[in-house]
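The values are calculated or read from the model by the stated rules, or taken from the named source; none is laboratory data. Note that the structure is a prediction, hence the values are computed from the model and not measured. Cβ coordinates were reconstructed from backbone atoms using ideal geometry, including for glycine residues, and neighbour counts include every protein chain displayed. Accessible surface is based on the protein model in full, side chains and every heavy atom, while ligands, DNA and RNA are left aside. Shrake-Rupley method; radii C 1.70, N 1.55, O 1.52, S 1.80 Å.
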Amino acid sequence: MNQMDLFSKSHASLTQFDYIYIYIYIYVYVCVIKRSYLFLFFSEGFISNMSVHRQYFPDDEDEKGAAIRKYNSHIKSHETLICDPGAQNYGPYILHGIQEKYLMRFCCCCCCISQPVNCMSCAVRALADPSHQRAGTNLRYFEQLLSKELRARGQSQQEPADERPIQLDTYERPKDYLPEREVYEALCRGEGVKMTQKRRSRLFCRYQDGNRSPRLLLKPMKEEDEWDSPHIVRYLEALSDEEIEKIKELAKPNLARATVRDPKTGVLTVAHYRVSKSAWLEGEDDPVIARVNQRIEDITGLSVDTAELLQVANYGVGGQYEPHYDFSRKDEPDAFVSLGTGNRVATFLNYMSDVEAGGATVFPDFGAAIWPRKGTAVFWYNLFKSGEGDYRTRHAACPVLVGSKWVSNKWIHERGQEFRRPCGLTEVD
């Protein structure tokens, strides 16, 4: 197929290969428009030998081909190929199968503007035959140019490009980060739960009016003890079916890969050990959210003015959140510094669905497993009254085996609780 044949095809008839073909020419067009940047990376010696190097640059045919952009207005700028370190992850998938001559032109231009060796290496690896002679020649060509430029600037030769895919903005724990893995997995299977008859005898159920909150006097909450120490309670009928559906409706358009706070920087980022989608809802989004926030304050007796937004999370099959702490430890002083509201003093977790198999909330330290029940909520303190972290509250969301798990949670912070939960006399009160 020649270029004009491709230009005349309708949007509906374009194949996946056609789109890839078009995207490369669009990017070549961008490269040509920005040709003034080509010389920023090279010395005067490179410019003086331009006639030698010109053969590697986009030619008139490339520039004409890029004109497809004006005839296909439905193609958005974010759909074009972008040459950055993160693009290496997608190179073998997006570029595989493209005619070698077009790939080489694209990569030649791309490398002049962005990452010279990294991007070129990505393109060479994307070829069906990575040992292709011309591909290897072009790669060595750009490596030599980069090496000369570095020497001219007094820098040493850069390290060889890492062949492993680069995962940007993803925090990975060390390989030995999960010493309690066997206990955690056993609890998820329903094994090893340390609920003895003696402990069970200390668990009760009661009506909770939130210290005589006017909104709970006529209809107090039904409260059940799930664990004695640390004290974990479950509230029945915490959310109605109508409220659950409304929360899901508000959250679904905003669901995105769930994030965690990097313990080193305090910045939100994705992590391999948390597999779910989440969204954040404000009280102003809908009266239902404001009502739920107020109910949490009434039940716990803690102020939610300094709490984080209501987080809604959906765990599909295989969705999980490996053992973690909700509060920041002493070696993570900057985890919540940007919020200015202190540490996470407590967690209020709403279960918005039943789960056919899996999905329990487990506490490996003391062997507790709490199973999802739609409409209920569980609550526990992450900090002692002294402000010290309760390391027993390390917990996990077990993988969902069958079904879909919906939860929403409210992380309540220290600020504003000075008179609602005053300090104790000892460190572990």
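So how far apart, in nm, are the two label points at A357 and R373 if each is 7 Å from Cα heading toward Cβ?
2.3 nm
If you count only protein heavy atoms with a 1.4 Å probe, what accessible area per residue comes out for the stretch 180-413, rounded to a whole Å²?
On a per-residue basis, 45 Å².
Once the other residues with Cβ under 14 Å from the Cβ of Y351 are scored (Lys, Arg +1; Asp, Glu -1), what is the net sum?
-1
Please give me the summed charge of the neighbours of L217: other residues whose Cβ is under 12 Å from its Cβ, Lys and Arg +1, Asp and Glu -1.
Overall, the nearby charge balance is +1.
Which of the peptides 234-241, 302-309, 214-221 is most tightly packed, and how do the rest follow, judged by the mean count of other Cβ atoms within 10 Å per residue? Don't skip to the answer; put the middle values down first.
On the way: 234-241: 16.5, 302-309: 18.4, 214-221: 13.0.
Highest-to-lowest ranking by the protection proxy: 302-309, 234-241, 214-221.
Grab the other residues whose beta carbon is less than 15 angstrom from that of S201, score K and R as +1, D and E as -1, and report the net.
Taking every Cβ under 15 Å from that of S201, the sum is +1.
Just want to confirm a number: the relative contact order over the stretch 298-429, from Cα pairs under 8 angstrom separated by 6+ residues, in percent.
That works out to 41 percent.
What do you get when you divide the Cα radius of gyration of the stretch 334-429 by 2.2 N^0.38 Å, with N the number of residues? All intermediate terms of the calculation are to be shown ahead of the outcome.
Numbers: Rg = 15.3 Å, N = 96, 2.2 N^0.38 = 12.5 Å.
Taking the Cα Rg and dividing by 2.2 N^0.38 Å, one obtains 1.23.
Find the Rg to Rh ratio for the stretch 180-413, where Rh is the Kirkwood radius over alpha-carbon pairs and Rg uses the same atoms.
Rg divided by Rh gives 0.93.
Taking a ≥ b ≥ c as the square roots of the eigenvalues of the Cα gyration tensor of the stretch 176-303, is the shape rounded (a/c under 1.5), prolate (a/b larger than b/c) or oblate? Display every interim value, and only then the final one.
Working: a/c = 2.07, a/b = 1.05, b/c = 1.97.
Oblate.
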